[in-house]
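Have a look at the structure below, then the notes.
The values are calculated or read from the model by the stated rules, or taken from the named source; none is laboratory data. Fair warning: this is a prediction, and the values are worked out from it, not measured in the lab. Here Cβ is always computed from backbone atoms with ideal geometry, including for glycine, and neighbour counts include all displayed protein chains.
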């Protein structure tokens with residue numbers, strides 16, 4: 001029997017919503033109090049739809065009400081299909097899903113991971129990574145099976161990390177038998193899952209035990225670059241900058257050098273002739289008439305939309321048409337020395353910036369304190385790369401997406417002064433060389449850092 005999305009999720013958003021307990025009364029016959037303590041389906045198979053969270057805004061209030069245990073406002077739609085399946089399963093019932101693997105590491109999957117850890121025994125995960133299982137779509141698919149209710153006799157979880165679509169694929173059972181490996185018993189505890197073999201898991205455990213989280217060590221959080229909501233108006237080149245300053249010298253006060261994520265490299269920033277007009281919240285725009293006139297060309301596109309409206313404009317919010325879209329209350333930190341990184345990386349790409357560059361929203365930064373060059377050595381090391389590949393969300397072709405919480409959690413050893421100074425000296429050489437011909441220094445950094453982590 002085919003049902004609509006609203007029927008499956010049953011958030012009560014539509015009056016004709018499907019009532020599973022009524023329509024399948026014989027399946028839920030054990031229910032007496034509205035719970036699924038005794039009734040439910042023995043097996044649920046699903047391939048939930050791939051719908052991004054931005055496209056389900058209207059459903060979110062109802063989803064929050066129906067799925068409070070797993071709800072996060074940034075969850076893509078498929079997450080709630082997992083929640084619904086767990087509601088509909090009988091005790092001991094089996095769930096088998098084909099879906100995106102992103103909830104394994106994404107922040108929006110934390111509550112769902114914790115819920116599975118507390119209420120099910122995960123029997124098997126067959127992860128295809130970025131392999132083109134579905135032609136024309138980068139779906140990051142995996143097959144996930146779990147049994148409702150925790151038990152200690154179900155055996156280990158089998159992880160199968162497919163590296164190709166060669167035989168025995170598409171015989172998934174044969175693939176699991178051939179390359180599947182058991183996960184450590186604590187791999188799926190809580191919300192922090194470690195989907196890796198025992199040797200790699202041990203290495204990650206050593207890394208995490210070696211020091212205090214980066215956020216605690218530095219005493220600062222990781223910040224994102226600026227989201228303008230309409231770069232066409234706010235990002236300019238040097239010619240336009242000179243023109244605006246010639247019309248009104250005050251314009252120079254709010255035109256900042258800009259580094260986008262793709263400009264940031266390991267040990268240096270590839271400077272481009274890009275500038276950011278930065279009229280922060282509550283600015284007196286009349287003090288900058290040339291910039292006001294420049295932005296007015298796109299006033300319609302810059303005006304915040306009303307909530308729920310599909311009209312032209314930037315996202316709804318309490319800001320003026322001429323202001324930067326997001327608050328960026330930490331804007332003063334852009335002017336100080338900072339450690340910066342691109343958002344999407346294939347290798348660590350951190351560097352120091354003391355030029356006062358503002359960053360685009362495809363970059364992150366951490367205000368630099370003492371030992372900044374020592375920290376930079378750790379972050380650009382092979383140890384951090386091993387951590388990143390296991391913690392951050394996987395992208396296509398080996399790329400990964402740096403995420404603030406994971407970066408803030410990276411452990412920093414409180415190394416002896418001599419070790420910190422030795423690493424810092426090597427890092428300074430790499431910075432001075434702007435990353436060119438640094439292989440020997442980088443190898444020494446990697447060796448010293450590995451020793452600090454007991455690897």
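The table for this structure:
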read-out: Those residues of the range 359-373 which are surrounded by fewer than 22 Cβ atoms within 10 Å (Cβ to Cβ) and in contact (Cβ under 8 Å) with a residue 12 or more places away in the chain, in sequence order; value: 361, 362, 367, 368, 369, 371, 372, 373
read-out: Index of the failed condition, residue 109 passing every other in (1) crowded, with 19+ Cβ neighbours inside 10 Å; (2) in contact with a strand residue (DSSP E or B) (Cβ under 9 Å, 6 or more places away or on another chain); value: (2)
read-out: Any pair with Cβ under 7 angstrom, 6 or more apart, that starts in the range 292-320 at a residue that is in contact (Cβ under 8 Å) with a residue 24 or more places away in the chain and ends at one that is part of a loop (DSSP other than H, G, I, E, B) and exposed (fewer than 14 other Cβ atoms within 10 Å of the Cβ); value: 301/312
read-out: Meets criteria (under 21 Å from residue 118 (Cβ atoms), at pLDDT 85 or above, assigned by TED's automatic domain parsing to the domain that holds residue 134 and surrounded by fewer than 13 Cβ atoms within 10 Å (Cβ to Cβ)) for residue 61; value: no
read-out: Spans of helices (runs of 4 or more DSSP H) in the range 144-220 with at least 2 residues surrounded by fewer than 17 Cβ atoms within 10 Å (Cβ to Cβ), without any contact (Cβ under 8 Å) to a residue 24 or more places away in the chain and out of contact with any helix residue (DSSP H, G or I) (no Cβ under 9 Å at 6 or more places or on another chain); value: 172-179, 198-208
read-out: Subset of the range 258-306 (residues that are surrounded by 19 or more Cβ atoms within 10 Å (Cβ to Cβ) and assigned to a helix (DSSP H, G or I)); value: 261, 263, 291, 294, 295, 302
read-out: Test: residue 409 is within 21 Å of residue 216 (Cα to Cα), at pLDDT below 95 and more than 29 Å from the chain's Cα centre (by Cα); value: no
read-out: Tally of residues being assigned to a helix (DSSP H, G or I) and in contact (Cβ under 8 Å) with a residue 12 or more places away in the chain across the range 321-332; value: 1
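Yes/no matrix, rows are residues, columns are (1) under 29 Å from residue 395 (Cα atoms); (2) within 22 Å of the chain's Cα centre (by Cα); (3) surrounded by 14 or more Cβ atoms within 10 Å (Cβ to Cβ):
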residue	(1), (2), (3)
312	no, no, no
323	no, no, yes
336	no, no, no
339	yes, yes, yes
349	yes, yes, yes
353	yes, no, yes
357	yes, no, yes
